[in-house]
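Q: Once you've had a glance at the structure underneath, I'll fire off some questions.
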């Protein structure tokens, strides 16, 4: 198997185009820095695998005065007068959670397992998140296509 791998940051920097080309074509692309090995992955490939591996587990339910949405097992909730309003509020709540996770929750024991969710949120535009929430996911394309 052909793997694009560089044993140092300096070597990867020198061959950055080759590293990025490999990742964009879906090939294995890695860099070693000290004792850590890091994968370089194309956003579209990563997002597609995250959508496949992370079913939304978002429930949007009718309430007396509108709709409520929450993510099972994660402290994220939203409300709206309409279904679409609740989904839009959920998108905002997901983005807020991702920011908080990046800022200070990533080391909290009850949030450490949400790395994939945060990656999916950060790599998705609002329409892609909406599709994921309502269960209408299709393979992602590069943003702007």
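All of the numbers you see were taken from the coordinates with simple rules; none came from a lab. Here the structure is a predicted model, which means the values were calculated and not measured. Note that each Cβ is placed from the backbone with ideal geometry, even for glycine, and that neighbours are counted across all protein chains shown.
Q: Run the simple label-point estimate for residue 77 and residue 21 please: 7 Å along Cα→C-beta, distance reported in nm.
A: 5.3
Q: Which residue, 35, 68, 124, has the most motion in a Gaussian network model of the chain that connects Cα atoms within less than 10 Å?
A: 35
Q: Over all directions, average the projected area of the Cα convex hull of the range 44-134 and note it in nm².
A: Taking a quarter of the hull surface, the average projection is 5.6 nm².
Q: Treating the angle as unsigned and between 0 and 90°, give the value, to the nearest 10°, between the Cα long axis of helix 83-100 and the longest Cα principal axis of the chain.
A: In the chain, helix 83-100 runs at an angle near 40 degrees to the longest axis.
Q: At a Förster distance of 25 Å, what's the computed FRET efficiency of residue 112 paired with residue 134, Cβ-Cβ distance as r, to 0.05?
A: For residue 112 and residue 134, the calculated efficiency is 0.35.
Q: Right, here's the next one. Alpha carbon centre of the range 1-59 versus the range 95-115: separation in Å?
A: Using only Cα atoms, the two centres lie 22 Å from each other.
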